[in-house]
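A short reminder: the numbers here are calculations on the coordinates, not readings from a lab. Just so it is clear, the model here is predicted, and its values are computed rather than measured. A quick note on method: Cβ atoms are made from the backbone with ideal geometry, for glycine too, and the neighbour counts reach across all protein chains shown.
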Amino acid sequence: MSPTLSRLPIRLFSCLAGSTALVYTLAMLSLLQLACALALPPLLSQVAANPVPVIHQRYAPDSLGAVASESNICSHIGIDLLRQGGNAADALVGTVFCIGVVGMYHSGIGGGGFMIVRSANGSYEFIDFRETAPAAAFQDMYNNNTNASIFGGLASGVPGEVRGLAHLHDNYGKLPWKQVMQGAIKTARYGWTVNADLVRYMKSANASALVPNFLVDDPNWAIDFAPNGTLVGLGDTITRKRYADTLEAIAERGPDAFYEGPIAEATIAALQAQNGTMTLEDLKNYTVAIRPPANITYRGYRLFSCSAPSSGEVALSTLKILEGYSDFFADGQTNLSTHRLDEAIRFAYGERTNLGDPSFVANLSEYQAEMLTDETAAQIRSKISDYTTLNVSSYDPSGIESLETPGTSHVVAADASGLAISLTTTVNLLFGSNLLVPETGVIMNNEMNDFSIPGSSNAFGFVPSPSNYIRPGKRPLSSISPTIVEYPDGSLYYVIGAAGGSRIITATIQNLVHVLDQNLTVPEALAQPRLHDQLIPNQVSFEYAYNNETVAFMKSRGHNVTWIAPGQSTAQGLRRLSNGTFEAAGEPRQLSSGGYAI
C-alpha cells in the first residue's frame with residue numbers, strides 16, 4: 001500500500017458483516033480498511049444482487065457487470081439496466097443521459113464527447129461524437145472578441161451526444177432505446193436532491209458568468225434553478241421538466257427528434273437570437289466519426305484509447321516513455337519515479353501541440369503512429385535527465401495554449417461478456433455557453449472555445465497551433481483520453497477515464513500507473529493525491545496531500561512547484577479481476593460519485 005495513502009484522514013468507513021458494499025470517501029483505506037476489503041469479496045459475490053445506495057463512494061465486487069460515474073443516482077440507473085437484462089452499452093447510455101440531467105453543469109445533450117468501446121469479442125471502436133464547427137464558421141471569427149467563443153450563440157458547436165449514444169445503442173445495446181432512457185426522464189421530471197457538488201458548481205458559474213447570477217436573474221434559467229426566487233440549496237428538490245419532455249421526445253421518436261423538427265427549430269432560434277450562425281442544416285447533417293483507436297503494449301498489458309482529436313495518444317505516449325524504466329515506482333524509487341513521470345508528461349504535452357482533427361490536418365495518422373513507437377519513446381527517454389528538468393523549448397512545443405475547461409464528466413461500464421465502454425461527455429466550460437434553449441431546457445455547449453484563435457499569443461508568449469484553427473465542420477482538439485486495458489491474454493482488465501479539462505490527461509496517466517505499476521485497487525488509485533503538469537504554464541502542481549518529501553525532491557530538480565486543492569480533476573474506474581468479479585469506484589473528490597458492481 002502507498003505510504004501516502006495511509007496518511008490521509010479518514011472521514012467515513014463502514015465495514016459490516018452481511019453488508020453488500022464497502023463504503024469509502026475522500027480519505028479511503030487505512031490498514032484496517034484494507035483488511036476488511038480483503039475479507040469481504042467472497043461474501044459480496046453472494047449477496048450483492050441488490051446493491052444499496054451509498055453516501056459517497058462504492059466498491060462492490062461481483063460478476064455480472066459494473067458502472068461508475070460522478071453521480072450515484074445515475075450509476076444506480078446503469079446497474080438497474082444490467083439487472084433488467086441489459087448489457088454494458090445499455091447501462092452506459094442510461095447513465096450518461098442521467099448525468100446530463102443531474103450534472104448539467106458538465107454535460108448533456110447540448111454537448112458531445114468521445115468513447116472507446118471494447119466489444120464482447122475483443123474488437124475496438126473509437127466513436128467520436130465531438131461537436132463540429134457550423135458551416136458558417138471561419139478561422140478569424142473570434143478575432144478581437146474571444147468572449148464570443150465562451151458565451152452566447154456563437155460559442156456552440158453542433159452537438160453530438162444524442163447521435164453518439166444512439167450509435168452505441170444501435171450497434172451494441174440489447175434493451176429498447178425507450179427503456180434505457182426512462183431513468184433519466186423520471187429523474188428530470190420528478191426531481192432529485194440538490195447535493196454539495198451542484199451547490200459548488202452553481203456558485204462558481206454564477207460568479208464567473210458574463211452576466212453574474214444568471215441562474216437566478218434570468219427567468220429562463222430560474223425556472224429550474226430558482227423557482228421560488230432564490231437559488232436552490234443543499235437538500236432542496238430540483239426538477240428539469242422541460243428537459244424531461246425533450247428526453248421523452250427523443251425516447252419516443254429516436255435521435256432524429258433532436259436533430260430535426262420542433263426541438264431542432266427551438267435550438268437554432270435560441271442560438272441565432274444570441275448572434276449564433278448554426279442552422280437547421282448543420283444539425284440535420286451531424287454524424288458521428290468512427291476512427292481507428294490508439295493502442296500500445298505496456299509491461300505486458302494491452303492499452304486502447306481514442307486518437308485525435310482526443311488526447312488518448314498523449315496519455316499512451318507518456319506510458320511508452322515510462323515503460324523503459326524497469327525500476328519505475330519500485331521500493332525507494334518514488335521520488336525519482338515522480339520526476340521521470342513528470343518529464344515524460346511534459347514531452348507528451350509537447351507532442352500534443354501537433355494534434356487536431358485528422359480530417360483537416362495532413363499526415364496526422366503517420367504522426368500519431370510515430371508518437372507510440374518504441375523508437376520514439378527511447379529517443380525521448382534519452383533526453384530526460386534524472387538530475388534536472390529542462391526549459392520549455394526543449395519539449396518541442398510547436399504552438400500551445402494554457403486552457404482550463406472543467407465542464408466534463410466521465411462514465412465507465414462493463415459486463416460479464418467483456419463488453420466495456422469508457423466515455424467522456426462535455427459541454428466544455430461550466431454550464432456551457434450559458435445559453436439554455438427556452439422550450440427544451442437544453443444547455444448548449446461552448447466547444448468553439450476549444451479551437452485556437454490565430455494571431456493571439458497567450459499570456460506565456462506561445463502562438464496557438466495552426467493544427468487546431470477553426471474550419472467549417474471541423475472538431476476541436478480535446479484533452480479527453482478514455483482508456484481500456486486488457487490482460488496480456490487479451491481479456492478485459494481495467495476501464496478508466498477522467499474529467500477536468502487539461503488535467504484529464506494527467507489524471508488518466510496516474511490512475512493507470514497506480515493500477516498497472518503499483519498494483520493498487522481502483523478505489524486506492526482514485527484516492528491517491530495527484531500532480532499536474534501541462535508544460536505551459538511552466539509549473540507542476542501537487543494536491544495538498546502529496547508527499548512533502550517527494551515535492552521537495554522535485555524542487556531540487558528545478559521544477560516550479562505549486563500546491564492546489566483536490567478536485568480539479570476527477571476520474572471514474574472499474575476492473576474485472578482474474579476470477580471474473582468486478583470492482584468499481586467513483587471519484588472520491590466528488591461527494592456524490594458512485595461505482596457499483598452487481
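Got the relative contact order for the range 191-322 handy, in percent, Cα pairs under 8 Å and 6 or more residues apart?
14
Could you point to the residue in 211, 106, 190 farthest towards the positive end of the chain's charge dipole, with +1 and -1 charges on the Cβ of Lys/Arg and Asp/Glu respectively?
190
Would you list 556, 452, 69, 311 from fewest to most Cβ contacts within 10 Å? List each step's numbers first, then the result.
Working: 556 12, 452 24, 69 34, 311 28.
With the fewest neighbours first, 556, 452, 69, 311 line up as 556, 452, 311, 69.
Sort 408, 279 so the one with the fewest other Cβ atoms within 10 Å of its own Cβ comes first.
279, 408
Using Cα pairs under 8 angstrom and six or more residues apart, how large is the relative contact order of the chain, in percent?
Reported relative contact order: 25 percent.
How many nm is it between the label spots at residue 287 and residue 548, if each spot is 7 Å from the Cα in line with the beta carbon?
6.0
Within a Cβ distance under 10 Å of residue 572, other residues only, what is the Lys/Arg minus Asp/Glu net charge?
Values: positive: none; negative: 70, 587.
For residues surrounding residue 572, the net value is -2.
Set the Förster radius R0 to 60 Å, insert the Cβ-Cβ distance between residue 562 and residue 253 as r into 1/(1 + (r/R0)^6), and round the FRET efficiency to 0.05.
Efficiency, from the Cβ-Cβ distance: 0.75.
Taking 18 Å as the cut-off for C-alpha to C-alpha distance, list the pairs among 320/474; 320/383; 284/474 that go past it.
320/474
For the range 516-592, what is the convex hull volume of its Cα atoms per residue in Å³?
109
What dipole magnitude, in Debye to the nearest 20, does the chain give about its Cα centre under +1 on Lys/Arg Cβ and -1 on Asp/Glu Cβ?
Dipole about the Cα centre, nearest 20: 820 debye.
Can you sort 221, 563, 177 from fewest to most other Cβ atoms within 10 Å of each residue's own Cβ?
563, 177, 221
With Rg and the Kirkwood Rh both taken from Cα atoms, where does Rg over Rh land for the range 176-289?
Numbers: Rg = 16.2 Å, Rh = 16.0 Å.
The Rg/Rh ratio comes out at 1.01.
Which value, in debye to the nearest 20, describes the size of the charge dipole of the range 276-351 about its Cα centre when Lys and Arg Cβ atoms bear +1, Asp and Glu Cβ atoms bear -1, and nothing else is charged?
So the magnitude is around 220 debye.
Explain nothing, just compute: Karplus ³J(HN,Hα) = 6.51 cos²θ - 1.76 cosθ + 1.60, θ = phi - 60°, for every residue of the range 539-545 in order, whole Hz, x for Gly and Pro.
Using θ = phi - 60°, the values come out as 7, 10, 9, 10, 5, 4, 7 Hz.
Over the range 316-424, one equal point on each Cα, no solvent: what is log10 I(q)/I(0) by the Debye formula at q = 0.12, 0.16, 0.24 Å⁻¹?
Listed by q, the Debye log ratios stand at -0.57, -0.93, -1.25.
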